[in-house]
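The values are calculated or read from the model by the stated rules, or taken from the named source; none is laboratory data. The structure presented is a predicted model; accordingly, all values stated were derived computationally and were not measured. Every residue, glycine among them, receives a Cβ derived from its backbone with ideal geometry; neighbour counts consider all protein chains shown.
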Amino acid sequence: MSRPLAFLLLPFLVACLGTLDFVDPEVGAPLADRCTNADSEIGRDVSFKNDVLPILKGQAGPVGCSCHQPTAPDPIGFEQTGLDLSSYAGLRAGGGRSSATIVIPGRPCESVFWQKMSAGPPFGSRMPFNGPPFVPEEQRRVIADWIAEGARDN
């Protein structure tokens, strides 16, 4: 069938069938999260000490980053990467085996720290490595907002 003829038949098919959902392929869930560098709650300041650190230590829910806590029973993430998520200084220093800046203040979408907790990170596995469960969306939003607000030691 020629291309112009197909375009002429398309409105006819839609009129007769009502929809073209039957030709939409089932492609599955997105491989990566949508991201915005904007703060989702402009009137609320996110505190590293009160909001972010409890998430990392697993005190704010069932998922934490114990693999990157040097004093944890099994600190395999810390041992393999040198990334210490037990403090602001450790987080901002990044991993000992990488020269990458993992938190870019004001830009969560480009921050490896946020990317690795998201579905379909640009490299490696999603964290925590032993998930699911993974860091819940609400907690990931807190971390993204903290980065969007400048990733301050507050």
**OP:** Check R152, R140, R107, R126 and return the single one that is charged (D, E, K, R), crowded, with 17+ Cβ neighbours inside 10 Å and at negative phi.
**Re:** R140
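Could you tell me which of the residues S86, S47, S125 is of a type in the set (G, A, S), farther than 16 Å from T36 by Cα and without any contact (Cβ under 8 Å) to a residue 12 or more places away in the chain? Let's see the steps before the verdict.
Numbers: S86 fails: without any contact (Cβ under 8 Å) to a residue 12 or more places away in the chain; S47 fails: without any contact (Cβ under 8 Å) to a residue 12 or more places away in the chain.
None of the others qualify; the one that does is S125.
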Subject >> Flag if R92 is closer than 25 Å to A38 by Cα, touching a residue at least 12 places away in the same chain (Cβ under 8 Å), surrounded by fewer than 16 Cβ atoms within 10 Å (Cβ to Cβ) and of a type outside the set (V, I, T) >> reply: yes
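Residues are listed down the side, and each one gets a yes or a no for (1) under 18 Å from V135 (Cβ atoms); (2) surrounded by fewer than 12 Cβ atoms within 10 Å (Cβ to Cβ); (3) modelled with pLDDT under 85:
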| position | (1), (2), (3) |
| --- | --- |
| P30 | yes, yes, yes |
| R34 | yes, yes, yes |
| N37 | no, no, no |
| I55 | yes, no, no |
| Q80 | no, no, no |
| L83 | yes, no, no |
Original post:
In the range 127-153, what count of residues is obtained for those that are within 17 Å of L91 (Cβ to Cβ) and either among the acidic types (D, E) or assigned to a loop (DSSP other than H, G, I, E, B) (or both)?
Top reply: 9
